[in-house]
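The values are calculated or read from the model by the stated rules, or taken from the named source; none is laboratory data. Just so it is clear, the model here is predicted, and its values are computed rather than measured. Ideal geometry is used to build each Cβ from the backbone, glycine not excepted, and the neighbour counts take in all protein chains shown. Just the protein is used for accessible areas: all its heavy atoms, side chains included, with ligands, DNA and RNA removed. Shrake-Rupley method; radii C 1.70, N 1.55, O 1.52, S 1.80 Å.
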Amino acid sequence: MEQSKLRVAMLSTGEEVLHGDITDTNAAWLSRRCFEEGFALNRRVTTGDALDDIAIELVRCSQVSDVVIVNGGLGPTTDDLTTEAMAMAMDVDVELNSYWLTALKERFEKNGRTMPKSNIKQAMLPEGAELIDNPVGSACGFSAELNGCLMFFTPGVPSEFKQMFEDEILPRLQARYPNTAKREIQRLYSFGVGESTLNDRFEAIDLPEGFELGYRSALPFIEVKVFSPRQHSEISLITEAIKHAIGDNLVGDGKSLLETMGDLLRESSLRLAVAEKFTGGYLTNWLNENADTQNALTQGWVLSESSLVTENDYNPLAAVLAMATAARENAGVEIGLASGNVEAGRVALGLSTAMGDWGIIVKTGRKLTNEDYRCYASTMMLDMLRRYLTGKEMFPEISALATLESLHIPVEIEQ
């Protein structure tokens, strides 16, 4: 079967997944791996733990898919019903798999324990199903066909699920569908430009056959994905054209802005200090999520916005630049970043360096929650630092933020 006609689906089971109590990281991981290996998912479904609901969804998936990977519901407890649901959908009984029962007993005995009776349930498979080994957990997987659809059943534990897919399921798919073409994804991260504007910038780029562009909005970034056949000769050429079209809004090439800043700070051996009013520690916490930015961050101050200066000659830009300079000098580092008070939706941001200071007052161009606005302001500060370190224009137009005023104070060079 040709890759373009192969219909691959994933069915996730579990009330905790359905109702959002836990994030379905297995689905995101499988989507990426299947795409890379040429088995891109065209459908993802989630259902709860009700026996009838699972059985109905199994039948539905089998009717519209060639391959279905089912995740979850293979445990020993009463709410683990996937195996029984598949037997119901196939109109067969469940039967004891003596091989897996023996393997389970041996694992428990090896650890000096007696296997609980409830684990016998994990050795029960639909009649005619093929066992799929699970070397790291108690729930074996299995495969079976329903309505001509090949279905794989896997445990929900991420480590077990991933190993089972890599070692057992993927080789079976590759053997059954040998003509699938592997694909690659190049990920580019932009800040300050919207999807429609990016789409317009890319219009002049002629994509070769098999190439596609995708977009993912993850506030405050737009991730541009370049899909291509694996090791295609024009991947670099097309990716460079896309990067050129994004221009200086490109904040990460295969890496996030934070990772990019980590590389820049590590390579430059520069250190920084941060003083935050409106952002309230958002930037400081963010910088601590990456080892390199964490190492570069010497000090972070969070100041109360109640310390607003009320004198008539109060200047937000001068105040935020004074904060950034004080943070830099007090910490004895090369770079200071600061966010001032928010007033009527306006906030001042500052960057102080040994080469000069830059300040900007921005206002949100659309309604943002306080948390989202803090995220944008923190990203703006980090992007100012990126632009400084890479020699880019410091005050670009940023979607969602309107620039009201900007200031550059170059360093005074003694004659």
What percentages, rounded to whole numbers, describe P(r) for segment 189-273 computed over all alpha carbon pairs with 10 Å bin width beginning at zero? 16, 44, 29, 10, 1
With all protein chains present, calculate the accessible area of W301 using a 1.4 Å probe and round the result to the nearest 10 Å². 80
Projected convex hull area of segment 330-381, Cα atoms, direction-averaged, in nm², equals 4.1
Of K277, K121, which has the most accessible area and how do the rest follow, probe 1.4 Å? K121, K277
Relative contact order for the chain, counting Cα pairs under 8 Å that sit 6 or more residues apart, in percent: 11
With bins 10 Å wide starting at 0, give me the P(r) of segment 51-187 over every alpha carbon pair, in whole percents. 12, 40, 34, 11, 3, 0
Restricting to lysines 8 or more places apart or on different chains, can you count the pairs in the chain with Cα atoms under 27 Å from each other? 25
Semi-axes of the equivalent ellipsoid of segment 255-355: what are they in whole Å, largest first, if each equals the square root of 5 times a C-alpha gyration tensor eigenvalue? 25, 14, 11
Principal semi-axes in Å for segment 289-415 [√(5λ), Cα gyration tensor, largest first]: 22, 18, 16
If you average 1/r across every pair of different Cα atoms in segment 1-107 and take the reciprocal, what Kirkwood value do you get, in Å? 15.1
How many nm separate the modelled label positions at E212 and Q63, each set 7 Å beyond the Cα in the direction of the Cβ? 2.6
Accessible area expressed per residue, the chain, with surrounding protein chains retained (probe 1.4 Å, Å²): 48
Using a simple charge model, +1 on the beta-carbon of Lys and Arg, -1 on the beta-carbon of Asp and Glu, nothing else, what dipole does segment 77-208 show about its Cα centre, in debye to the nearest 20? 500
What whole-number value in cubic angstrom gives the convex hull volume per residue for the C-alpha atoms of the chain? 203
Any chance you could look up the accessible area of T364 with a 1.4 Å probe, heavy atoms only, rounded to 10 Å²? 40
With all protein chains present, calculate the accessible area of C34 using a 1.4 Å probe and round the result to the nearest 10 Å². 0
Say a paramagnetic label sat at a point 7 Å from the Cα of E130, along Cα to Cβ; which residues of segment 79-97 have their backbone N under 16 Å from it? none
Summing -39500 (n - 2.57) over the DSSP H runs of n ≥ 4 in the chain and dividing by its residue number, what mean residue ellipticity at 222 nm do you reach, to the nearest 500 deg cm²/dmol? -10500 deg cm²/dmol
Taking all protein chains in place and a 1.4 Å probe, what share, in percent, of the accessible surface of the chain do carbon and sulfur account for? 47
Do any GluC sites (Glu not before Pro) in segment 190-255 lie in a loop, going by DSSP, with at most 13 other beta-carbon atoms within 10 Å of their beta carbon, and if so which? E203, E209
